[in-house]
Number of protein chains: 4
Amino acid sequence: MTETDPLSLARDILRAQPFSRLVGADVRAFGDGGATLELPIREELRQQNGFVHGGVLSYAADNALTFAAGTVLGAAVLTAGYSIDYVRPAVGVTLLARAEVLHAGRRQAVVRCELLTVDEDGEETLCALAQGTVRAVG
Amino acid sequence: MTETDPLSLARDILRAQPFSRLVGADVRAFGDGGATLELPIREELRQQNGFVHGGVLSYAADNALTFAAGTVLGAAVLTAGYSIDYVRPAVGVTLLARAEVLHAGRRQAVVRCELLTVDEDGEETLCALAQGTVRAVG
Amino acid sequence: MTETDPLSLARDILRAQPFSRLVGADVRAFGDGGATLELPIREELRQQNGFVHGGVLSYAADNALTFAAGTVLGAAVLTAGYSIDYVRPAVGVTLLARAEVLHAGRRQAVVRCELLTVDEDGEETLCALAQGTVRAVG
Amino acid sequence: MTETDPLSLARDILRAQPFSRLVGADVRAFGDGGATLELPIREELRQQNGFVHGGVLSYAADNALTFAAGTVLGAAVLTAGYSIDYVRPAVGVTLLARAEVLHAGRRQAVVRCELLTVDEDGEETLCALAQGTVRAVG
């Protein structure tokens, strides 16, 4: 029965993505035009200088944009494109990708995402910003 | 001695990125304002419908942009930001990210990248396009 | 003496831009990491279907991003690049471009901008979103 | 009768845009997935340092992307969003926005655009790059 709440359904979809399992992402929040993905920062997610790889931030942004749009457009959505601006090197314990739908029509949504790292004291630091368009398919 | 050629140096840098090893990327070409990354498409890189995950395309774009800029700005570079437009679902045997510097000043470069899948007959199909700015650091 | 307040200085800079005079833009707010530009919507700013031309929205976004960054980086700044997502056709009496710095280092800032139209009753409607990076120069 | 060739039709559409008349744009080429807009650089298009205003480059990019997509998707198109990276300050006699469709489906196209200035000797200089997605409407 608990599988019918939106957060659980979103988690099922994320777990059905082999790449999201490889990266180790989970859904922390899902609903009402917003979605937050969470990734424990581990060695395999870093680049050569010890920071979280930009590709991980990109993955998290892309996926959070899609999930946030999914809360208003339904599950059959795909990200048409997005842009990302890096703010500072990402270090910490956890990476959060917090996305919010700014506008949704029937067939597409414009969504923004903040990428934040969380340190061991729970302090959040902004490390990148993304914005993109997600479309309903089918 | 072979370690001193640019392609070998680029491969060393890529292999020093734990996330690039996790994803399974290699450098196919590097030099003269261009860089091509190559990823064997395996199950772990897919999303729930069997296509290569958008986050993998984003990773490859981000990294190829950075490497291409590195051929003109030196190894100490970071991608300031980029945008990506998805063209079609990505399926195939290999993913290529082919980046080219369109303009480089002393401290920054503007770079474009084509994301292509290659099927078992060697046929290339465009699946996404990216464009971004890379800066020299330090 | 009144010329020394930041808003007046920002207006002087905008008026020193021939293109901003051609378009008819003014600065409504300027300071503390934010800037708002205002454009009366007149016939000359439209496209063939009667909506505000996308190029006008782009102009306003680009300039508002630059001015917002100027509040934290100083007057010698230039926009390195930005992306814009259109939300709906723009109609109304006034166009507002409301930009806010999300992060600023010593040499660059990442800024977001909302483009809104205001109708004759003062009601605001979101018509586009932009995000970009602005750099200090000189 | 000459009105039926694609270039003439494109010029008619551009001239039906009051903002394009205000800016002074013309269509130089139109067809086969490509479009080139041309703007004589005059005083009214500059910013405070004498360079072509970024908003003019943005206008030209936005419009060229839309027109290029129009060659494959038909006249009823709108630009969903795009990103622009500035390469260098724009000076010269003429501004060209040269756009090319990289991929078109039935309902949308991904398009790139180069912004070039031309000096009095006819020499072209790259000043910005854009990339975006255009959708068919109606």
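The values are calculated or read from the model by the stated rules, or taken from the named source; none is laboratory data. Predicted model, so just to flag it, every value in this text is computed and none were measured. Glycine gets a Cβ as well: all are built from the backbone with ideal geometry, and neighbour counts include every protein chain shown.
Scanning region B:47-64 for residues that are surrounded by fewer than 20 Cβ atoms within 10 Å (Cβ to Cβ) and either at the interface with chain A (Cβ under 8 Å from one of its Cβ atoms) or within 13 Å of the chain's Cα centre (by Cα) (or both) yields one hit, B:Gln48.
Looking only at region B:65-75, decide whether some residue is at the interface with chain A (Cβ under 7 Å from one of its Cβ atoms) and either farther than 25 Å from D:Ala130 by Cα or within 14 Å of the chain's Cα centre (by Cα) (or both).
Of region B:65-75, the ones at the interface with chain A (Cβ under 7 Å from one of its Cβ atoms) are none.
For region B:65-75, residues at the interface with chain A (Cβ under 7 Å from one of its Cβ atoms) and either farther than 25 Å from D:Ala130 by Cα or within 14 Å of the chain's Cα centre (by Cα) (or both): absent.
With respect to A:Leu78, is the statement that it is under 14 Å from A:His53 (Cα atoms), crowded, with 16+ Cβ neighbours inside 10 Å and not aromatic (Phe, Trp, Tyr) true?
Judged against the criteria, A:Leu78 is not a match.
Residues in region B:77-112 that are more than 11 Å from chain A (Cβ to nearest Cβ), touching a helix residue (DSSP H, G or I) at 6+ places or on another chain (Cβ under 9 Å) and polar (S, T, N, Q): B:Gln108 only. Could you go through region C:107-116 and let me know if any residue there is buried (at least 22 other Cβ atoms within 10 Å of the Cβ), in contact with a His (Cβ under 9 Å, 6 or more places away or on another chain) and within 23 Å of D:Asn63 (Cα to Cα). No, that holds for no residue. If you go through region C:24-35 one residue at a time, do you hit one that is in contact (Cβ under 8 Å) with a residue 40 or more places away in the chain, among the aliphatic types (A, V, I, L, M) and closer than 30 Å to A:Gly81 by Cα? Yes; the residues of region C:24-35 include at least one that is in contact (Cβ under 8 Å) with a residue 40 or more places away in the chain, among the aliphatic types (A, V, I, L, M) and closer than 30 Å to A:Gly81 by Cα.
Can you find even one residue in region A:19-27 that is buried (at least 24 other Cβ atoms within 10 Å of the Cβ), at pLDDT 95 or above and more than 18 Å from B:Asn49 (Cα to Cα)? For region A:19-27, residues buried (at least 24 other Cβ atoms within 10 Å of the Cβ), at pLDDT 95 or above and more than 18 Å from B:Asn49 (Cα to Cα): absent.
All of (1) farther than 25 Å from C:Gly132 by Cβ; (2) in contact with a Gly (Cβ under 8 Å, 6 or more places away or on another chain) hold for B:Ala99 with one exception: (1). Can you say whether A:Leu7 is more than 16 Å from A:Gly70 (Cα to Cα) and either buried (at least 16 other Cβ atoms within 10 Å of the Cβ) or touching a Phe, Trp or Tyr at 6+ places or on another chain (Cβ under 6 Å) (or both), as far as the supplied structure shows? For A:Leu7, the condition - more than 16 Å from A:Gly70 (Cα to Cα) and either buried (at least 16 other Cβ atoms within 10 Å of the Cβ) or touching a Phe, Trp or Tyr at 6+ places or on another chain (Cβ under 6 Å) (or both) - is not met.
I'd like the full set of residues that are among the hydrophobic types (A, V, I, L, M, F, W, C) and surrounded by fewer than 24 Cβ atoms within 10 Å (Cβ to Cβ), limited to region D:65-75.
Step one: filter region D:65-75 for residues among the hydrophobic types (A, V, I, L, M, F, W, C), giving D:65, D:67-69, D:72-73, D:75.
Matches in region D:65-75: D:Val72, D:Leu73, D:Ala75.
Sort out which residues of region C:1-42 are basic (Lys, Arg) and either in a loop (DSSP other than H, G, I, E, B) or more than 14 Å from chain D (Cβ to nearest Cβ) (or both), and write them in order of number. Hits for region C:1-42 are C:Arg28, C:Arg42.
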